[in-house]
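Have a look at the structure below, then the notes.
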Amino acid sequence: MPVVESEHVTISVEAPPAPPPAAYSLSISVSPTSGVAGETEFTVSGRLTADGEPVAGAKVELVVNGEVMDTTTTKDDGTYEFKVVFEEPGTYEVWAKASV
């Protein structure tokens, strides 16, 4: 019995598209917003999320006037907190930076 083959067809299979990068958000609040040098303890806190969900275990740096002052890790609910006493009077620019 003879063997008959069809024509050969090429099939192209691509990898699935990569998911879009997560939309990260890092909030910050300071309480109180003013105080007395060497006496007032400020609480700097916030929350890290990705696409609205908490990010646990991320490194967060507290930056004061452009210099890293302290480092912590986010909790299971994505929150972080720093306690700071400024020894010198002045105005301080404070922000948080997260590594994810």
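No lab work stands behind these numbers, since they all come straight from the coordinates. All values derive from a computational prediction rather than experimental measurement. Heads up, the Cβs are rebuilt from the backbone with ideal geometry, glycines too, and the neighbour counts pull from every protein chain shown.
At-a-glance table
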quantity	calculated
Of Glu14, Glu39, Glu53, the one that fluctuates the most in a GNM where the chain has Cα springs shorter than 10 Å	Glu14
Over the chain, relative contact order from alpha-carbon pairs under 8 Å, at least 6 apart, %	27
Correct choice for semi-axes √(5λ) of the Cα gyration tensor in Å that was computed from the model, options (1) 20, 16, 15; (2) 51, 14, 10; (3) 55, 12, 10	(3)
Candidates Thr49, Thr40, Thr79, ranked by Gaussian network fluctuation over the chain, Cα under 10 Å, top entry	Thr40
Distance between modelled label sites at Ala23 and Lys83, nm, 7 Å Cα→Cβ extension	3.6
Gaussian network model of the chain, Cα within-10 Å springs - most flexible of Gly38, Gly46, Gly78	Gly38
Dipole in debye (nearest 20) - the chain, about Cα centre, beta carbon charges: Lys, Arg +1; Asp, Glu -1	120
